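Values in this text are rule-based calculations from the coordinates and carry no lab data. None of the values given here were measured: they were computed from a predicted structure. A quick note on method: Cβ atoms are made from the backbone with ideal geometry, for glycine too, and the neighbour counts reach across all protein chains shown.
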Amino acid sequence: MNKFSMSVKLFTSIALFLVVPLIIATLIINYFMVSYSENEISKSAMTNLKTIKNMNELLADSITKDIARLSLNSALDSLIDLKSYNSIIRDSDNIIKVNQVFNIIRQVVYSNYRLQSIYIYLDDSDYIIESKLGVVPLNNFEDKGWIPLYQEHKEKNTGSLWLAGRLPLDGSKSTDENRNSNTWTKNNSVVTFIYPLVPNSSKLNGAIVVNIYENEFTRLINNYDLSSKNGYVSIIDRKGNVVSHIDKTLVSTNISNKPYIEQVLKSENENGYVVDQLGKERHIITYYKSEFNDWVYLGVYSLDNLMEKANSLRNRIVSIIFALIFLGIVLSGITSRRLFSPLNKLVKDVKMRKGIDLTGAENEVALLSKAFATLARREDDLREMLEKNKETIEEKYLINLLKGDLENHAQSSAIVKEFSLPYFICIVLSIDKYDKFTEKYPHDQQYYLKVLILKVCEEIISASYKCGGVIYDTNKMVLIINTDQDNQAEVADILEKNLRRAQEEISKILDNKITIAVGGQHSDKQGITSSFEEAQEASKQRMVYGHGKIIFWKAVNSENNKYFYPYTIEKHILNNLNLGLRDETLAAVKEIVEEIRSRSYLSSDNILQVFIQLVGNTVKYLVDNNINLSDIFGTDYNVYKKLSTKETLDEIELWLTGFYSGILEYAKKSGNDNRSNVDSVFDFIHLNYNKDIDVTAIADHAGISYSYVRKIVKDKTGKTVVDYINGLRIDEAKRLLKQKNMNNLEIARQIGYNNDQSFNRFFKKYEGVTPGEFRNIDGKQ
C-alpha cells in the first residue's frame with residue numbers, strides 16, 4: 001500500500017512539474033517570438049530605409065549639381081533680351097539662340113534616362129523652351145500647374161523647390177481627370193525639381209524646371225521585384241502628399257487620412273515603426289523622416305508573409321510541446337511505478353561517488369537532481385575548456401605557419417584541419433579608415449566584427465579552395481589559401497571574383513570598406529611566409545590605389561626602387577606661403593601628388609617619407625617666421641599624428657589642402673583687421689538669420705573660409721553657427737508667441753523655417769517645451 005501511495009505521489013508530482021512549465025513556456029515562447037520577430041523585422045527594414053534615403057538624396061544632389069552647371073551655361077544668357085515669342089520667330093539670329101539652348105537641354109535629357117523633360121521658364125517672357133517641343137508660347141503650353149507653386153515659393157525664398165509626384169499635363173485639369181485620361185500610364189507621373197535662376201548664378205530671372213520620371217524613384221527605392229509579397233517602399237511629404245509609390249493611382253494624392261500615415265506624421269521621432277491592420281493582413285510600417293525637402297520614406301511589409309516561417313516554426317514547437325506533454329504524462333505513470341524500487345540502490349551508488357556534495361537534499365529526487373546537475377556542470381566546463389583550447393591552438397598553428405615556424409606546428413596539425421595541398425597563397429585584409437572604425441565601435445565589438453569579416457571570406461573562398469583565417473594584429477586579418485592548381489593566372493581570377501563577392505557581403509554589415517592584398521603563389525609550407533610578406537607589401541599600395549581595392553602583389557624592379565623627393569616643388573610651396581598665394585600653393589600640392597602617382601615604382605614608405613619631410617620643412621618654415629602651429633589649428637593638433645591616419649593619396653592631398661589653407665588664412669587674418677571679420681560675420685547673421693542661410697553664405701559674404709567662420713562664432717559665443725542662428729530664431733519666436741496675434745506657421749516662416757514641424761522640433765530642442773506649451777505658460781504668468 002505504501003509503495004502504491006508513493007507511486008501515485010511521484011506520478012502526480014512529475015506530471016505537474018512537467019505539464020505546467022511546458023504550458024507556461026509555450027505561452028512565453030509565443031509572446032517573445034512575435035515581439036522579437038517584429039523588432040528584428042523593423043530593424044532590418046529601418047536599415048534598408050536609411051540606405052534608400054541616402055541613395056535617393058545622392059540622386060537628388062546629382063541632379064541639382066547637373067542643373068546648377070546648366071544654369072551657368074553662357075548660352076542661357078543670350079535669352080536675356082528675348083521677351084516675346086514673336087521676337088524669336090521673326091529674327092533668324094534669335095531662332096539660332098533659342099535653338100542652341102533647346103539643343104543643350106535636349107542633350108541633358110537624352111544623356112540621363114531618369115529625366116522626362118526640362119523647361120526653361122523666364123519670369124518676364126511669354127514663352128517656354130521645352131526639351132521635346134522647343135520654344136512654345138506660354139498660352140499654348142499644357143503643363144502650367146507648377147507655375148503658381150513656383151511663384152508662391154519664389155516670394156518666400158530663393159532656394160530650389162521639389163514638387164511631389166504629378167502628371168506633366170495642363171494644370172487646369174484636376175488630378176482625377178488626368179489620371180482617368182487616355183494618356184495615363186505608369187510612366188507618366190513625374191517628380192518636378194525647380195531650380196531658380198537668381199542674380200547670383202545667372203543674368204536671367206526665372207527657373208529651370210526638371211521633370212524626373214517618378215517611376216525611376218520607385219525603381220531606386222524598391223531595388224527588388226515590385227511584385228514581391230514581402231512589401232514595398234514609398235515616399236510622401238510631411239503633409240501626406242505621395243511623392244513616389246508603386247501604386248501609380250496614389251501618386252500626387254494625399255493619404256494623410258490613413259490611420260497609420262496620420263500616426264507616422266504626428267510622431268516626433270525621426271524614425272520608427274507602427275503595426276496596423278491593412279485589409280485582411282497585419283502590416284509593419286517603418287518610416288524614416290528626412291530633412292531633405294521634408295520627405296518621409298515608408299516601408300510597408302506584410303507581417304503575415306514575413307513571419308510565415310516564424311509562425312510555422314512556432315506552430316511546430318507548440319505541437320511538439322503538446323506531444324511532449326502527452327508523452328510525459330504517460331511516461332510519468334510508467335516511471336513513477338518503476339522508479340521507486342531501484343531508487344534506494346541508485347541513491348546509495350550516488351552517495352558513494354566522491355566530489356559530489358549532497359548536503360541540503362530533502363529527498364531522493366532532490367538528491368539525484370543535485371548530483372546530476374553537478375555532473376552536467378562539470379561536463380559543460382570541460383567542453384568549454386576544450387573549445388577554447390582548440391581555438392587557441394588553431395590560431396597559434398596559423399600564426400606559426402605565417403612566421404615560418406614549422407617546427408612547432410606538428411602537434412597543432414594533429415588537432416586542427418591540416419593543409420595538405422601543394423600550393424599556398426596568403427591574403428591580408430585591412431579595414432579602411434581604421435581610426436573611424438575604432439571611434440565608432442567599442443573594443444569588444446571591434447573584435448567580433450573582425451571575426452565576422454574573416455568568417456564571411458572563409459565561407460565564400462572555401463567553395464573553391466581550402467582556407468583558414470586568423471586575426472594577426474590590430475588591423476590585419478590574414479587568410480591562408482591552400483590549392484592544388486598550378487595555373488596562377490586562373491587561381492588569381494577565381495580569387496578576385498570570390499574576394500569581390502566577399503567585399504559586397506561585408507559592405508552589408510560594415511560601413512567601412514575593406515582593402516584586400518593578395519601575395520604570390522608558392523609551393524610547400526615554407527612558401528607561406530614569402531606569400532605573407534608579399535601580401536603585406538601589396539597592402540601598403542593602398543596609399544596609391546585607394547580604399548576598397550583588391551591589390552595583387554607584383555615583383556618590383558630593384559633598379560627603379562630608388563628614393564625620390566620633389567625638392568623643387570617643396571621650394572615652390574614655401575615661396576608661395578611666404579607670398580600668401582593660396583591657389584599657387586594648393587596647385588603645388590596637387591602637383592606633388594600627381595608626380596608621385598606618375599612614378600609607379602615608388603614604395604609606400606618612400607611616399608609617406610615625402611609627405612613627412614614636406615610637413616616637417618613646413619613646420620620649420622613656420623617656426624622661422626614666428627608662427628605657432630597651435631595658434632592656427634589649436635593646442636591639441638598634432639600634425640604628424642594627423643598625417644599618419646591618412647591611408648591614401650587622395651586623403652593626404654585633401655588634408656594638405658586644408659593644412660596649407662589654414663596657414664594662409666591665419667597669415668591673412670593676422671595681416672588684416674580681425675575685428676572687421678567678426679563684425680562682418682555677426683552683422684550678416686543678425687540681418688539674415690530669418691532667411692535660409694548657412695556657413696557657406698556667411699563665409700562668402702565675409703570673404704573668409706568656412707572654418708574661420710565657425711571659429712569666430714565659437715570663440716565669440718561658445719556655440720556652433722547653427723546653434724547660434726537657431727538661438728536668434730527661437731528668441732524672436734518667443735517674442736512673437738507672446739504677442740498672440742500670429743499662428744505657429746506664420747511665426748515659423750517669419751523667422752526662417754520652411755514649415756511649422758521644423759519650428760516645433762527646434763523650439764522644443766532649445767526650450768524644452770513646444771511653442772504651444774510656451775504660449776500657454778506665458779499666458780498663465
Once the piece of chain linking residue 329 and residue 717 is laid out straight, how much longer is it, given 0.36 nm per residue of separation minus the C-alpha distance between them?
132.0 nm
Over 21 Å between Cα atoms, which of 403/476; 620/641; 239/738; 53/711; 156/764 qualify?
239/738; 53/711; 156/764
For the range 419-552, what's the radius of gyration and Dmax over Cα atoms, in angstrom?
14.1, 43
Per the 1/(1 + (r/R0)^6) rule, R0 = 56 Å and r from the Cβ atoms of residue 275 and residue 601, FRET efficiency to 0.05 is 0.35
Among 751-760, 727-736, what's the highest-first ranking by average C-beta atoms within 10 angstrom per residue?
751-760, 727-736
Going highest first, how would you order 612-618, 712-718 by mean Cβ packing within 10 Å?
612-618, 712-718
How much FRET efficiency would the formula 1/(1 + (r/R0)^6) give for residue 710 and residue 321, where r is the Cβ-Cβ distance and R0 is 45 Å, rounded to 0.05?
0.10
Near residue 668, which aspartates and glutamates are there with a Cα under 20 Å away, not counting those fewer than 8 places off in the same chain?
583, 584, 624, 631, 679, 700, 715
The computed P(r) of the range 567-671 puts the percent of Cα pairs beyond 19 Å at 40
Debye intensity ratio in log₁₀ form over the Cα atoms of the range 674-780, taken at each q of 0.15, 0.19, 0.24 Å⁻¹:
-0.64, -0.90, -1.21
For the range 567-671, size of Cβ-based charge dipole, Lys and Arg +1, Asp and Glu -1, in debye
180
Find how much the distance from residue 139 to residue 612 grows on full extension, using 0.36 nm per residue of separation minus their present alpha carbon separation; answer in nm with one decimal.
163.6 nm
For the range 470-621, the Rg and Dmax computed from alpha carbons only, in angstrom:
19.6, 64
